[in-house]
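FYI, it's all coordinate maths here, none of it is from the lab. These numbers come from a predicted model, not from an experiment. Cβ sites come from the backbone with ideal geometry, for glycine too, and all protein chains shown count toward neighbours.
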Amino acid sequence: MGNTIRALVAFVPAERCQNYVVGDLREMPLDRTVDLSGCQLRRFPLLVGSFRGLVKLYLSDNHLSSLPPELGQLQNLQVLALDFNHFKALPQVVCTLKQLCILYLGNNKLCDLPRELSLLQNLRTLWVEANYLTQLPDVVCELSLLRTLHAGSNALRLLPAQLRRLRELRTIWLSGNLLTDFPPVLLHMPFLEVIDVDWNSIRYFPSLAHLSSLKLVIYDHNPCRNAPKVAKGVRRVGRWAEETPEPDPRKARRYALAQEDSQDAQAPALLHFRPPTPEELHV
């Protein structure tokens, strides 16, 4: 849907908006992408379930709290955005979409994730920021190809030791949680390139100099008494960083996301890059 259609939808009463949007969808777009973000949807348009070749589906910023079995017909789907909705639990049907590479679940009301999420073994990027997670679900540690995990703005106090199994993980965003200690498991993950623990309650940072792949660590807005030691050339954003090419955490985060986007563009399965949310940037 283009910007013109979205603008018109804004003036359609909520009760009629659903029919208006469905009426606009007559056949699958040539780019195999359907974007129904911000359309005031309260239920999934069943017609979309008939677009068997669909690759990207954006349902962000609606009023969805459930999804029908018809979504499971989209077995070619690689990108699914369900962020900024009203999900209290992840619908089981999502876990049947085994080609998913990128899944956006941020800004919902999720307290946990189902065990069936482990079926998504092609998942490379998972966004669960701004939910009600008090601990990182163990099932996340079973997503063996996961490269990027966004779990900021939750209520995490620690990370499971099993996280070290994710040997493909390169970027972890934990900004805005309740961490009082730097997560010990991260010290055993030398393949990590970006660690973001901005806006937590960490008072002391251990040395990160042994993390040979590390490129960026964001540790600002913590009551820490020291800066983490890092290897030469690693960017640090926070207090007492002698050299900080990107002194603003927001700029550093954008830089890291841009790097992810560049890498993803080289992989045919990863088709979309999403800018940081306002909650993630703390603005």
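Stokes-Einstein at 25 °C, 0.890 mPa s, Kirkwood radius from Cα pairs: D for the range 79-201 in µm² s⁻¹?
Numbers: Rh = 14.3 Å.
Translational diffusion coefficient: 172 µm²/s.
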Q) Can you work out D for the range 147-212 in µm² s⁻¹ from Stokes-Einstein, where Rh is the Kirkwood radius over C-alpha pairs, the temperature is 20 °C and the viscosity is 1.002 mPa s? A) 179
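Among residues other than ASN222 whose Cβ falls under 15 Å from its Cβ, what is the net charge (Lys/Arg +1, Asp/Glu -1)?
Details: positive: ARG157, ARG203, ARG225, ARG236, ARG239; negative: ASP181, ASP196, ASP198, ASP220.
Combined, the nearby Lys, Arg, Asp and Glu give +1.
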Q) Which of the lysines could be linked to LYS232 by a straight reach, that is with a Cα gap under 20 Å, when you skip same-chain ones fewer than 8 residues away? A) LYS215
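Please go through the residue pairs LYS56/LYS109; LYS98/LYS229; LYS56/LYS88 and name each one whose alpha carbons sit more than 32 Å apart in this structure.
Working: LYS56/LYS109 23 Å; LYS98/LYS229 40 Å; LYS56/LYS88 23 Å.
In this structure, LYS98/LYS229 lie more than 32 Å apart at Cα.
Within a 10 angstrom radius of the beta carbon, how do MET189, MET28 rank from fewest other beta carbons to most? Don't jump to the answer; show the numbers that get you there.
Numbers: MET189 20, MET28 17.
Result, fewest neighbours first: MET28, MET189.
Kindly put ASP220, ASP198 in sequence by how many other C-beta atoms sit within 10 Å of each C-beta, fewest to most.
ASP220, ASP198
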